[in-house]
Amino acid sequence: MSLVCLVPAAGASTRMRGRDKLLEKIDGVPLLARQTSAVMTLGVPVLITLPAQSEDRVNALQPVRDDQVTLMNIADADEGLSASIRMGANWAMAQGATALMVALPDLPDVCAEDFATLHDTHRAHPDAVIRATTAEGQTGHPTVLPARLFGALARLTGDQGAKALLRNEPITPCPLPGKRAVTDLDTPEAWEAWRALRVAKSKQSQP
C-alpha cells in the first residue's frame, strides 16, 4: 500500500448562510463530487468523512462512488477538522498506508494534475510533510502527512486540524500554478467572485 486520500467533508458550511458550499455546482456538478472525482484519478483508496446527517452530500456523491471510495459518518463532526483527520489517520493505519493526503474539498481550482504532482512529490520524499503552495510560495492545501505521524494525528483535537502538530515539522513545499492552493470558497461572496472571475477568464481565452 502507498498513499491514501482523505476528503474531509464533515463541515457545516456555517459561513454560507443556509447554503451548502459542497453542493454548489460547477458546470452542473456539485463541488464535492467534482473534487472527489479529481482525487480518484490517483487510483488510490479515498475516504470521505461526512456529518451524521448527510443525505444530500451522499446523494451528490452517487455518480462518482465505486469500490475506491469509502464514506464514514462522524458523530463528533461539530469538533471540526480534527475529527475528520483522526478518523482518516486511523483508517490510513488500517490500510497500511505510507502517507495520508488531506484534500480539502472546498478548493475548486485544485485539479487532478495537482493531486498527481503531490503524489509524485511524496514518492520522491516518502517521509516528508508535503504542503501545496501558490506559485509565489504561500502555503496552502492539499497536504501529505507521512505514516510516522499517524499516531499523533489520531489524537488531534480542536478545529485547527494538524496545524499545531506540524509547527515543528520541516515542510517540503509543492508549488501549484497560480493561487490554486489557497483559493477556498467559504462564503456566498467568495463563490460569486470566483464565478465572475471564471467567466472573465473564459471570455479572455476565446478568439
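Annotations for the structure displayed:
- Pairs are defined by a Cβ separation below 9 Å, a sequence spacing of at least 6 or placement on different chains, a first member in the range 162-183 that is within 20 Å of residue 82 (Cα to Cα) and among the acidic types (Asp, Glu), and a second member that is surrounded by 14 or more Cβ atoms within 10 Å (Cβ to Cβ) and at pLDDT 95 or above; the pairs so defined are 169/128; 169/129; 169/149.
- Filter result (surrounded by fewer than 15 Cβ atoms within 10 Å (Cβ to Cβ) and within 19 Å of residue 97 (Cα to Cα)) within the range 142-193: 148, 151, 152, 155
- Criterion: modelled with pLDDT of 95 or more and closer than 16 Å to residue 143 by Cβ - qualifying residue of 118, 32, 81: 118
- Just one of the listed residues (55, 79) is more than 17 Å from the chain's Cα centre (by Cα), farther than 24 Å from residue 113 by Cα and loosely packed, with under 15 Cβ neighbours inside 10 Å, namely 55.
- Failed criterion for residue 117 (all others in (1) free of Cβ contacts under 8 Å to residues at least 60 places away in the same chain; (2) more than 23 Å from residue 34 (Cα to Cα); (3) under 15 Å from the mean Cα position of the chain (by Cα) hold): (2)
- Residue match in the range 29-42 (condition: free of Cβ contacts under 8 Å to residues at least 60 places away in the same chain and within 14 Å of residue 101 (Cα to Cα)): yes
- Residue in the range 94-103 that is surrounded by 19 or more Cβ atoms within 10 Å (Cβ to Cβ), over 13 Å from residue 11 (Cβ atoms) and modelled with pLDDT under 95 present: no
- Cβ-Cβ distances below 6 Å connect the following pairs, each with a first residue in the range 1-24 that is acidic (Asp, Glu), a second residue that is modelled with pLDDT under 90, and a separation of six or more residues or different chains: 20/13.
- Within the range 34-52, the set of residues being farther than 18 Å from residue 79 by Cβ, surrounded by 22 or more Cβ atoms within 10 Å (Cβ to Cβ) and not hydroxyl-bearing (Ser, Thr, Tyr) comprises 35, 39, 46.
- When the criteria are applied in full, residue 24 fails the requirement of being out of contact with any strand residue (DSSP E or B) (no Cβ under 9 Å at 6 or more places or on another chain) and over 28 Å from residue 151 (Cα atoms).
- Qualifying residue in the range 58-67 (condition: at pLDDT below 95, closer than 24 Å to residue 181 by Cα, surrounded by 13 or more Cβ atoms within 10 Å (Cβ to Cβ) and touching a helix residue (DSSP H, G or I) at 6+ places or on another chain (Cβ under 6 Å)): yes
- The condition (being of a type in the set (A, V, I, L, M, F, W, C), free of Cβ contacts under 8 Å to residues at least 12 places away in the same chain and over 21 Å from residue 187 (Cβ atoms)) is satisfied by just one residue among 94, 52: 94.
- Every test in (1) more than 15 Å from the chain's Cα centre (by Cα); (2) modelled with pLDDT under 95 is passed by residue 147 save one, and that test is (2).
The values are calculated or read from the model by the stated rules, or taken from the named source; none is laboratory data. Not measured: the values here are computed from a predicted model. Cβ coordinates were reconstructed from backbone atoms using ideal geometry, including for glycine residues, and neighbour counts include every protein chain displayed.
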